[in-house]
Amino acid sequence: MKITARCGECNEEQSLEVDGLAYSKFVLREGLVQNLFPDLSASERELIMGARNKFGYYCASCWDKMFPLEDEELRPVGLLISWLRRVTRRQR
Ligand SMILES: [Zn+2]
């Protein structure tokens, strides 16, 4: 099945063809993204999470611009920072 998520920075919609069964399991929180989609890259997994959560998704190129970090462990931290930035921008 095809899933889509809109990038919170450039507003581009990205889509990805994924296994429907694995995606349903992910939506129902029956498994972790890295276990259900072991063959996907980090940015593709990001898209899957964005498609489920409907927020906090950034495409690979925006992500690299905002957080030029090599370490995948730091991605959740980057996501939190970007979310806070969006919230404060909205309040202005
Ligand atoms: Zn983007």
Please list, ordered by chain and number, the residues whose modelled amide H lies under 5 Å from the amide H of residue 58; skip anything fewer than 5 residues away on the same chain.
8
Sort by residue number and report every cysteine in the chain with no other cysteine beta carbon within a distance under 4.7 Å.
10, 62
Which aspartates and glutamates, if any, have their Cα less than 12 Å from the Cα of residue 65, not counting same-chain residues under 8 positions apart?
9
Are there DSSP H segments in the chain that both extend 18 Å or more along their axis (alpha-carbon positions) and score a mean Kyte-Doolittle hydropathy of at least -1.0? List them, or say none.
75-91
Please sort by residue number the GluC sites (Glu not before Pro) in region 18-61 whose DSSP state is loop and whose Cβ has at most 14 other Cβ atoms within 10 Å.
30
Taking the dipole about the Cα centre of region 2-91, with the C-beta of Lys and Arg at +1 and of Asp and Glu at -1, give me whichever of 81, 49, 15 is farthest to the positive side.
81
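Read the figures in this text as sums done on the coordinates, not as results from a lab. Since this is a predicted model, take the numbers as computed values, not measurements. Please note: Cβ atoms are built from the backbone with ideal geometry, for glycine as well, and neighbour counts cover all protein chains shown.
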